[in-house]
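The values are calculated or read from the model by the stated rules, or taken from the named source; none is laboratory data. This structure is a prediction, so every number in the text was calculated from the model and none was measured. A quick note on method: Cβ atoms are made from the backbone with ideal geometry, for glycine too, and the neighbour counts reach across all protein chains shown. Each accessible area value is taken on the protein alone, full model and side chains, heavy atoms only, with ligands, DNA and RNA left out. Shrake-Rupley method; radii C 1.70, N 1.55, O 1.52, S 1.80 Å.
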Amino acid sequence: MKVVSIVGARPQFIKAAPVCRALRTRHEEVLVHTGQHYDRAMSGVFFEELGIPEPDFNLGVGSGSHAHQTAEMLAAIEAVLVEQAPDWVLVYGDTNTTLAGGLAAAKLDIPVAHVEAGLRSFDRRMPEEVNRVVVDHVSSLLLCPTPAAVANLRDEGITCGVALVGDVMLDTARYQAEIAPAGDALAAFGVEPGGYFLATVHRAGNSDDPERLAAIVRALGRVARPVIWPVHPRTAKNLAVFGLDVVARAAGNVRMVDPVPYGETIALLKGAAALLTDSGGMQKEAYFFRVPCVTLRDATEWVETVELGWNVLAGADEERIVAAASDLPRPVSHPDVYGDGHAAEAIVSAIEAGPQTA
Ligand code: UD1
């Protein structure tokens, strides 16, 4: 079987790493990097660190408006798919790369397998929500991480080709922890286990909105611990444009740093008193490592983390963020809602079996 896998943004490299390994034990994989993320710190280091094979095609699309970026990807991916004529196209998550890969394949009548199918925030203002809905509706195989995702698809009338496979980010987290135990990342940042918060902010809804970003910056400056904040390039640009980088620096406890590689991120996360984030994937990673999470959004796709009491939605509301960070959730129950860390194997088996009717 020949599979074209399409990645392009940082979280997709983390998800693709275990699937590439599993797939290549018995099938041919052609790896396409759209170039949506291109900075070394956002892309290259992840390929090296996670042992992802060199992409067979790098489309070099880069940044742009949604329509422009997606359109360029569509045209370039179509050319690769026509040339390669794969049996399957594999896409991950909810970025513009996912949308372009799914659409280009569906229009060529090549079956699409979607990893992380069925997630919904029910907020159509999020570009990712639009991408999720469209890609799920053109996919032949919907590889769901959780029962909640399966239920969301059922509510939209999608029952054929749905497989509950678990969460591939857990595969990556477990595998990397085994082969490369966390070094002394904390010492490098001058923090002690449990003595600091880790923060990340990159959602368009927060980083492109001066009021929301300002409220988040003010909140980070008021919490009772040091905050290590690896700043996404989109957020870095907007902090400067809105004059908020000065505000963040003026708060003595906030330490803004460049984006950090995977292993270091996991080490910083495991040692944190809590994670303050608007990332989807990191809410889950916090759960994997039993770290309380304060989510800087009004909704989440990872509803289990909230239902189980590990995650609190604080929006971009200064007071709610400060309150949540001073009264952290301490739940006792921690069930394996994201599977057993062998989602990649389950994904390859599901592709081999082809779409089945539920
Ligand atoms: C994208 C995804 C988001 C995902 C995130 C992970 C979409 C719609 N959004 O958001 O779901 O959570 O990736 O990071 O696909 N930039 C750089 N260097 C880079 C990449 C980006 O400087 O290597 C800057 C550029 O100014 C660019 C901006 O960041 O315009 C936004 O990048 P883009 O890929 O469009 O979206 P992300 O915000 O990264």
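Among 125-135, 21-31, the peptide with the highest mean count of other Cβ atoms within 10 Å heads the list, and the full ranking is 125-135, 21-31. Return a whole-number percent for the relative contact order of the range 182-326, with Cα pairs under 8 Å and 6 or more residues apart as the contact set. In percent, rounded to a whole number, it is 28. Here LYS270 is the anchor, and the lysines within straight C-alpha reach of less than 23 Å, apart from those fewer than 8 places off in the same chain, are LYS15, LYS284. Using the average count of surrounding beta-carbon atoms within 10 Å as a protection proxy, the listed peptides 88-100, 336-348 rank, highest first, as 88-100, 336-348. Taking only the Cα atoms of the chain, the radius of gyration and Dmax are 19.6, 58 Å. Full extension of the chain between SER63 and ALA250 yields a length gain of 64.3 nm, computed as 0.36 nm times the residue separation minus the alpha carbon distance.
Protection proxy ranking of 219-229, 77-87, by the mean of other Cβ atoms within 10 Å over each peptide's residues and highest first, is 219-229, 77-87. Per-residue extension of 0.36 nm, minus the Cα-Cα distance of HIS137 and LYS107, leaves a gain of 9.5 nm for this segment. Of the chymotrypsin sites (Phe, Trp or Tyr not before Pro) in the range 246-329, the ones in a loop by DSSP (not H, G, I, E or B) with at most 16 other beta carbons within 10 Å are PHE289. The largest accessible area among ARG40, ARG320, ARG212 belongs to the first residue in ARG40, ARG320, ARG212, and the rest follow in falling order (1.4 Å probe, all chains).
Accessible surface of the range 182-326, 1.4 Å probe: 54 percent of it comes from carbon and sulfur atoms.
Both the radius of gyration and Dmax for the range 230-349 are 15.9, 53 Å, in that order, over alpha-carbon atoms. Label-to-label distance for SER333 and ALA236 is 4.2 nm, based on points extended 7 Å past Cα in the beta-carbon direction. When the helices of the chain are scored as -39500 (n - 2.57) per DSSP H run of n ≥ 4 and the total is divided over every residue, the value at 222 nm lands at -13500 deg cm²/dmol.
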